[in-house]
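Structure first, then comments.
Bear in mind these aren't lab numbers, they're just calculated from the coordinates by the rules spelled out. Since the structure is predicted, the reported quantities are computational estimates derived from the model, not experimental observations. Cβ placement follows ideal geometry from the backbone for every residue including glycine, while neighbour counts extend to all protein chains displayed.
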Amino acid sequence: MIIFLSCIILFLIGLYAIVTKRNLIKIVIGFALIEYAINLLFALVGFRRGMLAPIITRVDMAHKFVDPIPQALVLTAIVIALGTTALMLTVALRIYSRYKTFDIAEIRKLKG
Amino acid sequence: MIELYLFLAFMIIAAFIATEIKDLLAAVISLGAVGFAVAIMFILVQAPDLAIVQIVVEVVTIVIFVAVIFRTTHIDETIGKKLTGPHVFSIVSFSFFALLFLIAVINALQELPAFGNATMKVASEYIRLGLPGTGGANLVADVILDFRALDTLGEATVLFTSVIGVVALIRSVGRKK
């Protein structure tokens, strides 16, 4: 319970960066933090105490694994997070080359 | 499992530094610290596949961040500026909605199974059918490449779409001055 709440607090720090920061790079960092928090929450929900990683090493072994489904979903999400972060950073780079600032308040004032 | 709590405390501190520090390069390094702590936590919760992918993705992410910062600026001028009206409003509204969200989350977490006791309703079927059905020993690979292969196809679509977007934005040939 407390461990899940800690993940949510990490999520809220990312959301805080997105909502209140005025620097574009800080906003992208906020998105990355949210992605980490949610991936970690999924992996923690699928955890079972004292169980093994879901890889079958012996055919006759008793099936004592952690939940493989959250891990499969998170594997997809991590790769997608890389794609979105790269795209956001490229957009930030283009905005900087045009306005010479990362400050979103300044960018709104200039309006090109 | 005290080390999980220690790593989470470390991640929360590093995340807060990443959002508040003035030097953007230092913020990105703090973000990398959070990412590698996530990779170590994946190993601790028995998810080696996730740890491998997380380390690779983390390195690539940091490289892209540093490349962008080297081409632009590494000082965050907005830190330490006088707070304006919209900024104060965003902080106040964020605090209000974060509080509401926390109350909703605490109610929702009561429904989840306690940490360390995952219910294996769907997964037990995958574990039973995994080796005889697909021939793969790694159940995570079985799920993403066989049982839920369409999901992976969608992932590849999103990834390549974002690559097309990055290439279209970054190339300067044919761009009007």
So which aspartates and glutamates pass the test for B:K81, namely a Cα distance under 20 Å, with those fewer than 8 places away in the same chain ruled out?
A:D103, A:E106, B:E20, B:D23
Report, in degrees rounded to the nearest 10, the 0 to 90 angle that the Cα long axis of helix B:48-71 makes with the longest principal axis of chain B.
20
Test of understanding: ordering B:T119, B:T19 by Cβ neighbours within 10 Å, fewest first, what list do you get?
B:T119, B:T19
Under 28 Å between alpha carbons - lysine pairs in chain A that sit 8 or more apart or on different chains
8
Let a ≥ b ≥ c be the square roots of the eigenvalues of the Cα gyration tensor of chain B; is it rounded (a/c under 1.5), or, if not, prolate (a/b larger than b/c) or oblate?
oblate
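Net charge near B:A123, counting Lys/Arg +1 and Asp/Glu -1 over other residues with Cβ under 14 Å of its Cβ? Provide the component values of the computation, followed by the final result.
Numbers: positive: A:R48, A:K64, B:K121, B:R128, B:R148; negative: A:D67, B:E125, B:D142.
Within the 14 Å Cβ shell, the charges total +2.
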Candidates A:I56, A:I34, A:I80, ranked by Gaussian network fluctuation over chain A, Cα under 10 Å, top entry
A:I56
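Can you tell me the equivalent ellipsoid semi-axes for the protein assembly as shown? Use √(5λ) from the Cα gyration tensor, largest first, whole Å. Display every interim value, and only then the final one.
On the way: eigenvalues 275, 111, 46 Å².
That gives 37, 24, 15 Å for the three semi-axes.
Sorting B:D146, B:D76, A:D67 on the 10 Å Cβ count, fewest up front, what's the list? Display every interim value, and only then the final one.
Numbers: B:D146 16, B:D76 23, A:D67 27.
Final ranking by Cβ density, sparse to dense: B:D146, B:D76, A:D67.
Give the shape of the range B:1-81 as rounded, prolate or oblate, defined through the alpha-carbon gyration tensor: a ≥ b ≥ c are the square roots of its eigenvalues, a/c under 1.5 means rounded, and otherwise the shape is prolate if a/b is larger than b/c and oblate if not.
oblate
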What value, in deg cm²/dmol to 500, does the helix sum -39500 (n - 2.57) over DSSP H runs of n ≥ 4 give at 222 nm once divided by the residues of the protein assembly as shown?
-24500 deg cm²/dmol
Please identify which residues in the range A:13-47 have an amide N closer than 20 Å to a label point set 7 Å out from the Cα of B:L83, following the Cα→Cβ vector.
A:13-24, A:26-27
Give me A:M51, A:M1, B:M41 sorted ascending by neighbouring Cβ count inside 10 Å, so fewest comes first.
A:M1, A:M51, B:M41
Please report how far the C-alpha centroid of the range A:1-20 lies from that of the range B:72-105, rounded to the nearest whole angstrom.
14
Could you give the dipole magnitude of the protein assembly as shown about its Cα centre, charging the beta-carbon of Lys and Arg +1 and that of Asp and Glu -1, in debye to the nearest 20?
1400
Among B:L50, B:L129, B:L112, which one shows the highest mean-square fluctuation when chain B is modelled as a Gaussian network with alpha-carbon springs under 10 Å?
B:L112
With 0.36 nm assigned to each residue of separation and the Cα-Cα distance removed, B:F101 to B:V173 gains 21.3 nm
Positive end of the dipole of the protein assembly as shown, charges at C-beta (+1 Lys, Arg; -1 Asp, Glu), about the Cα centre: which of B:G135, B:M1, B:G154 has its Cα farthest in that direction?
B:G154
Sparse-neighbourhood loop hits (GluC sites (Glu not before Pro), the range B:108-177; DSSP loop; Cβ within 10 Å at most 12 others) -> B:E111
What is the magnitude of the charge dipole of the range B:1-81 about its Cα centre, with +1 placed on the Cβ of each Lys and Arg, -1 on the Cβ of each Asp and Glu, and no other charges, expressed in debye to the nearest 20?
160
